[in-house]
Amino acid sequence: MPRCACSTRRCPSASAALRSPRPRWASPGRGRSPASALPCSIYAGGGRRPQLALRARMLLSAPRQALLLLSALLWRLAAADYENPPTAVNITWSSINFKTILQWQPKPSGYFYTVEIHGRTSDVKRKCILTSETECDVTDVLGNVKETYTAHILSVNPAEMDNFEEPPFAVSEKFTPYSQTVIGKPEIKDYSQKGSKLNVVFKDPLTPYIFPNGSFQSIQDIFQHDLEYKLYYWKDQSSGKKDVTTKSHNFEVNIDSGKNYCFYVQGIIPSRRENRNGQESMVLCTSGGKNILDEYGTEVFIILAVIAVAVITLAIVLPVVLCKRKKAKKARAMREKELLNGA
């Protein structure tokens with residue numbers, strides 16, 4: 001029976017300890033035999049006590065490890081919330097005559113936005129880099145109006161700008177300028193009513209895109225034969241509308257002579273499924289068929305009638321008065337002459 005390491009007496013349970021499994025920390029090859037490496041007090045109680053003590057230490061340390069793991073996880077989640085700002089919501093495209101504004105929410109606090117425009121066949125383009133605004137004019141990066149685009153709104157944390165990880169972002173709905181931009185208001189240049197003809201001349205809205213010579217392209221230049229215009233017209237103070245269509249820039253319609261008409265012009269894209277009708281021009285009305293009574297009402301007519309009667313009366317009475325005065329003057333002159341002859 002081997003001796004205990006702490007004294008010269010023999011341990012009664014040493015042989016049992018040698019037969020028990022070694023603890024992990026009591027690995028061979030460290031200069032001591034398994035029996036001599038252990039204190040006597042451990043072997044005194046039997047061969048299973050080292051195993052039980054080790055398991056007890058492991059059980060006691062398990063809650064501490066779990067607590068450390070949970071703390072590390074919570075810290076990581078908090079750091080992720082700090083590092084990753086909220087992404088944009090309510091992303092909308094607003095486009096009139098191909099001038100396109102991208103809008104979103106919310107207003108940033110402690111971070112910035114950067115807009116990326118992705119096209120199906122075009123390279124990614126960036127606009128409004130590190131902006132604190134919630135809108136961005138993307139007109140100049142949508143040069144191919146028949147291309148379909150999506151916008152990525154990146155939420156950029158200044159503290160994370162030096163790393164190479166992509167910031168969180170939100171993706172907009174698809175947008176095709178040619179089929180989704182709204183046609184703006186045409187401008188009425190001239191109009192006239194001559195007898196039973198109404199003539200209206202107008203011009204196209206302009207777009208932000210320019211020709212090589214520097215002049216702005218019109219809606220007609222881009223849509224060409226896909227664009228039509230409608231003239232809606234009706235009798236003044238009436239609700240019944242009529243309409244005619246043209247691909248040119250003037251209308252000539254038949255109307256009732258002597259009646260006044262109101263009208264407006266509107267651009268239309270018949271090939272579209274949505275947004276077919278553009279914005280309406282301002283409403284204008286003719287005045288060629290109005291007389292004094294229609295224009296100013298019965299009160300003015302009565303006043304004019306009174307004036308006319310007064311003029312006629314004066315024209316009749318004044319000659320009579322003048323004639324009487326002339327005769328009276330002549331008679332007085334004759335009497336004065338007779339008196340002088342008698343004297």
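Below is a table of values for the structure above.
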item: L231 being surrounded by 15 or more Cβ atoms within 10 Å (Cβ to Cβ), touching a Phe, Trp or Tyr at 6+ places or on another chain (Cβ under 7 Å) and of a type in the set (A, V, I, L, M); result: yes
item: F223 vs. criteria out of contact with any strand residue (DSSP E or B) (no Cβ under 8 Å at 6 or more places or on another chain), touching a residue at least 24 places away in the same chain (Cβ under 8 Å) and among the hydrophobic types (A, V, I, L, M, F, W, C); result: yes
item: Residue tally, condition among the aliphatic types (A, V, I, L, M), over 18 Å from K185 (Cβ atoms) and assigned to a strand (DSSP E or B), over segment 214-266; result: 2
item: Meets criteria (at pLDDT below 95 and charged (D, E, K, R)) for K185; result: no
item: Selected residue (criterion: most open to solvent (accessible area, probe 1.4 Å)) from residues of segment 129-144 that are over 19 Å from T207 (Cβ atoms) and over 15 Å from the mean Cα position of the chain (by Cα); result: I129
item: Which numbered condition S218 misses (of (1) modelled with pLDDT of 95 or more; (2) polar (S, T, N, Q); (3) in contact with a helix residue (DSSP H, G or I) (Cβ under 9 Å, 6 or more places away or on another chain)); result: (3)
item: Pick from segment 92-110, criterion open to solvent by less than 70 Å² (accessible area, probe 1.4 Å) and outside any strand (DSSP E or B), ranking: farthest from D204 (Cα to Cα); result: G110
item: Hey, S179 of a type outside the set (D, E, K, R), more than 19 Å from I101 (Cβ to Cβ) and under 29 Å from the mean Cα position of the chain (by Cα) or not; result: no
item: The one condition in (1) under 30 Å from N250 (Cβ atoms); (2) among the charged types (D, E, K, R); (3) open to solvent by less than 40 Å² (accessible area, probe 1.4 Å) that E147 fails to fulfil; result: (1)
item: Given (1) in contact (Cβ under 8 Å) with a residue 12 or more places away in the chain; (2) open to solvent by less than 80 Å² (accessible area, probe 1.4 Å); (3) under 28 Å from H249 (Cα atoms), index of the condition S215 fails; result: (1)
item: All positions within segment 151-201 that are assigned to a strand (DSSP E or B), under 22 Å from V265 (Cβ atoms) and either in contact with a helix residue (DSSP H, G or I) (Cβ under 6 Å, 6 or more places away or on another chain) or in contact (Cβ under 8 Å) with a residue 60 or more places away in the chain (or both); result: V182, E187, I188, Y191, S192, Q193, K194, L198, V200
item: Looking only at segment 261-280, and only at residues there that are touching a Gly at 6+ places or on another chain (Cβ under 9 Å) and either open to solvent by less than 60 Å² (accessible area, probe 1.4 Å) or of a type in the set (A, V, I, L, M, F, W, C) (or both), the one that is farthest from V201 (Cα to Cα); result: I269
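The values are calculated or read from the model by the stated rules, or taken from the named source; none is laboratory data. Quick caveat, the model's predicted, so the values are computed rather than measured. All Cβ positions, glycine included, derive from the backbone under ideal geometry; neighbour counts span all protein chains shown. SASA here: full protein model, heavy atoms, side chains in, ligands and nucleic acids out. Shrake-Rupley method; radii C 1.70, N 1.55, O 1.52, S 1.80 Å.
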